[in-house]
Amino acid sequence: MGLNLFGCVCGQFHSSGEGMGMDAERVSVPIPFYVLEHPDGVALFDCGLPAAMCDPEESYLRALRPLGMDVSLTPAETVTQRLHALDVDPLRVRYVVLSHLHFDHAGGLRELPNATLVVQRREWEAGFEPALSQRYGLRKRYFDLGHEVRLVDGEHDLFGDGAAVCVPSFGHTPGHQSLRVRSAAGDHILVGDACYHAGVVESRRFPAISDHAAMNRSLESLLALRAPETVMVFGHDPDQWGERPVLPLARS
Ligand SMILES: [Zn+2]
């Protein structure tokens, strides 16, 4: 019994500091995703960037660059290679729980064809609604790939044993969710982009396009779930993926 939890970093996102709630003019932040090994199967929480973005001429990257956004991704950092490094066959991934539908979180889906997606219903519906998907930058080419989809409304216990529970945290996008994981490594809340990094817990510098009132409510409810030993793993926190990673990156 039990669950093993690993972290993987799938490239870096480059943007203005302002866009990430940071003071520097330009910043580079990690793009993490998470691997949950459960007796009933392997689940991922998010799946990083599309492998196609190893090519800097990928068309969406070309569209983002004039807006001040860019990524770097090497072949060794793709979801496929990160999973191989953990001895996990991408074809055997059973679930991909998506925090939301942005390309840096859903981008690896093409490499995980047998997975069932676990998404908040309102996020999935927003992805197919022209005005909302445009406003929030939800690109069907990265998530509408014919996977089985399990739409959930609010909290959802993924394996039915409390080891991994989806927690709605709307605001960054219409149906953003976080994941609470109880594993051999302790109690973690995988916050996703409900909070980009630890500094935002205090500053509440949320991204311009998001719903700030909803983000404040969501962050408060995530913080209220913490027990004294709970570790919050933020969406793009450079300090959590530096010298001392917040989660194991490899088998010990
Ligand atoms: Zn993100």
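The values are calculated or read from the model by the stated rules, or taken from the named source; none is laboratory data. Quick caveat, the model's predicted, so the values are computed rather than measured. Note: ideal-geometry Cβ built from the backbone for every residue, glycine included; neighbour counts use all protein chains shown. Heavy atoms of the whole protein, side chains included, go into the accessibility calculation; ligands, DNA and RNA do not. Shrake-Rupley method; radii C 1.70, N 1.55, O 1.52, S 1.80 Å.
For region 145-225, what is the convex hull volume of the alpha-carbon atoms per residue, in Å³? Write down the numbers at each step before the final one.
On the way: hull volume 10.1 nm³, N = 81.
Roughly 125 Å³ of hull volume per residue.
Hey, what number do you get for the chain at 222 nm if only DSSP H runs of n ≥ 4 count, each worth -39500 (n - 2.57), divided across all residues, to the nearest 500?
The helix-only estimate for the chain comes to -5000 deg cm²/dmol at 222 nm.
Using a 1.4 angstrom probe and counting only protein chains, how large is the accessible area of Arg182 in Å², to 10?
Taking all protein chains as shown, Arg182 has close to 120 Å².
For region 1-83, what is the convex hull (Cα atoms) projected area averaged across all directions, in square nanometres? Working shown, then result.
Details: hull surface 25.5 nm².
Mean orientational projected area (region 1-83, Cα hull): 6.4 nm².
If you average the alpha carbon positions of region 167-224 and of region 44-97, how far apart do those two centres end up, in angstrom?
22
What size of dipole, in debye to the nearest 20, comes out for region 4-241 about its Cα centre when the only charges are +1 on Lys and Arg C-beta atoms and -1 on Asp and Glu C-beta atoms?
Computed charge dipole of region 4-241: roughly 400 debye.
Can you give the FRET efficiency for Arg62 and Asp23, using 1/(1 + (r/R0)^6), R0 = 30 Å, r = Cβ-Cβ distance, to the nearest 0.05? Intermediate values should be presented prior to the final figure.
Working: r = 29 Å, r/R0 = 0.95.
Calculated value: 0.55.
Hey, could you grab the Kirkwood Rh for the chain? Inverse mean 1/r over distinct alpha carbon pairs, Å, one decimal.
Values: mean 1/r = 0.0558 Å⁻¹.
Kirkwood hydrodynamic radius for the chain: 17.9 Å.
Restrict the search to region 115-224; then list the chymotrypsin sites (Phe, Trp or Tyr not before Pro) that DSSP places in a loop and that have at most 16 other Cβ atoms within 10 Å of their Cβ. Provide the component values of the computation, followed by the final result.
Working: sites: Trp124, Phe128, Tyr136, Tyr142, Phe143, Phe159, Phe170, Tyr196; in loops: Phe128, Phe159, Phe170, Tyr196.
Sparse-neighbourhood loop chymotrypsin sites (Phe, Trp or Tyr not before Pro): Phe128.
Of the DSSP beta bridges with both residues in region 4-241, give the percent that are antiparallel, rounding to the nearest 5.
Antiparallel: roughly 65 percent of the beta bridges in region 4-241.
Once you've got the GNM for the chain with C-alpha springs shorter than 10 Å, pick whichever of Glu57, Glu77, Glu202 has the biggest mean-square fluctuation.
Glu202
May I ask you to derive the relative contact order of the chain, considering only C-alpha pairs under 8 Å and at least 6 residues apart, and to give it as an integer percent?
On the way: 548 pairs, mean separation 47.2, N = 252.
For the chain, the relative contact order is 19 percent.
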